[in-house]
Amino acid sequence: MRRSVLTVLLPLAGVAALTTAAITKPAQGFSLFSIDQDIALGNQVARQTDSLYQAKGQLMSRAGNARAYQLLDGVVKRVLDNGNVKYRTQFPWDVKLIKDDAVQNAFATPGGHIYVFTGLVKFLDNESQLAGILGHEIAHADRRHSTQMLQKQYGTSLLLGLLLGNRSSGQLVQIAAGLGQLKFSRAYEVEADKYSTIYLNGTRYYACDGAAGFFIKAEKQGGGGTPEFLSTHPNPGSRISSIQKSAQQLGCTNRSVNNTNFTELKRIL
């Protein structure tokens with residue numbers, strides 16, 4: 001049984017009370033929050049994010065878009081079940097569609113809530129590219145980049161206050177509204193790119209340089225129509241070569257994927 005939020009938070013009643021055992025160190029930087037706290041924070045941010053896009057009439061419900069979610073969930077599940085997602089069974093890993101064809105973006109909260117704009121899906125050419133971007137966002141959550149960047153941008157005390165319930169709802173709204181524009185460090189981006197290839201390789205289905213296909217197309221497009229994803233995930237040039245190199249080392253670049261479901265997903269969105 002999952003412990004209560006209050007019980008989970010007792011060790012973090014103050015930053016000074018943290019012990020070495022309570023601090024985890026991912027590949028880049030420190031996280032001052034436990035996995036249960038990642039989940040609790042992610043749940044709060046996700047509820048507020050849902051509310052923001054519902055108010056705009058843009059959050060696509062599962063009940064009203066069952067087939068679209070069936071097709072998208074199939075890709076997400078295949079990526080998640082690759083055998084290399086550390087918190088596969090702990091995080092909820094739900095995905096939600098935001099109806100905005102003008103925005104080509106995706107983002108993930110701490111704890112594995114994933115948001116995908118319809119404009120991104122329609123921009124992509126094939127299912128391996130979609131799987132590559134999803135793998136990238138899954139990596140940001142699973143490697144705990146999202147939590148660490150929120151710590152850096154808003155401060156540990158504010159996030160802790162939200163978890164303890166002694167911060168204003170306005171601050172939660174601010175975090176939710178800015179999550180899609182959260183800029184990750186180059187180190188985090190490189191790591192998320194690498195894990196995207198690892199995840200896709202583990203599917204034994206997708207060409208694991210799928211994310212590179214997105215960056216190549218975005219780089220060619222350029223100009224004012226450049227996808228918003230690049231504003232928060234910059235420097236595509238060197239990243240393309242890094243993704244391709246990783247995929248070549250893994251030997252999974254030439255997989256042929258059936259795009260029938262992906263084509264249907266694009267059509268019905």
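The values are calculated or read from the model by the stated rules, or taken from the named source; none is laboratory data. Everything numeric in this text was worked out from a predicted model, so none of it was measured. Counting neighbours? That spans all protein chains shown, and the Cβs are built from the backbone with ideal geometry, glycine included. Heads up: the accessible areas ignore ligands, DNA and RNA and are worked out on the full protein's heavy atoms, side chains in. Shrake-Rupley method; radii C 1.70, N 1.55, O 1.52, S 1.80 Å.
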**Request:** Taking Ala17 as the residue in question, decide whether it is open to solvent by 40 Å² or more (accessible area, probe 1.4 Å), at pLDDT 75 or above and aliphatic (A, V, I, L, M).
**Result:** no
Taking the stretch 32-52 and keeping only residues that are within 17 Å of the chain's Cα centre (by Cα) and hydroxyl-bearing (Ser, Thr, Tyr), one is left with Thr49
Would you call Tyr188 open to solvent by less than 50 Å² (accessible area, probe 1.4 Å), at pLDDT below 75 and not hydrophobic (A, V, I, L, M, F, W, C)?
no
Scanning the stretch 84-101 for residues that are over 17 Å from Leu52 (Cβ atoms) and over 13 Å from the mean Cα position of the chain (by Cα), the one least open to solvent (accessible area, probe 1.4 Å) turns out to be Tyr87
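For every residue, the table says whether it meets (1) modelled with pLDDT of 95 or more; (2) open to solvent by 10 Å² or more (accessible area, probe 1.4 Å).
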residue: Gln44; (1), (2): no, yes
residue: His113; (1), (2): yes, yes
residue: Gly135; (1), (2): yes, no
residue: Ile138; (1), (2): yes, no
**Residue check, Leu160 of a type in the set (A, V, I, L, M) and in a helix (DSSP H, G or I)** = yes
Original post:
Can you spot a residue in the stretch 147-156 that is surrounded by 22 or more Cβ atoms within 10 Å (Cβ to Cβ), among the hydroxyl-bearing types (Ser, Thr, Tyr) and at pLDDT below 90?
Top reply: yes
Only unsatisfied item for Phe117, checking (1) at pLDDT 95 or above; (2) surrounded by fewer than 23 Cβ atoms within 10 Å (Cβ to Cβ), is (2)
Subject >> Test: residue in the stretch 219-237 that is part of a helix (DSSP H, G or I), surrounded by fewer than 21 Cβ atoms within 10 Å (Cβ to Cβ), at pLDDT 85 or above and of a type in the set (Gly, Ala, Ser) >> reply: no
Here, strands (runs of 3 or more DSSP E) confined to the stretch 75-131 with at least 1 residues that are farther than 25 Å from Ala40 by Cβ are 113-117
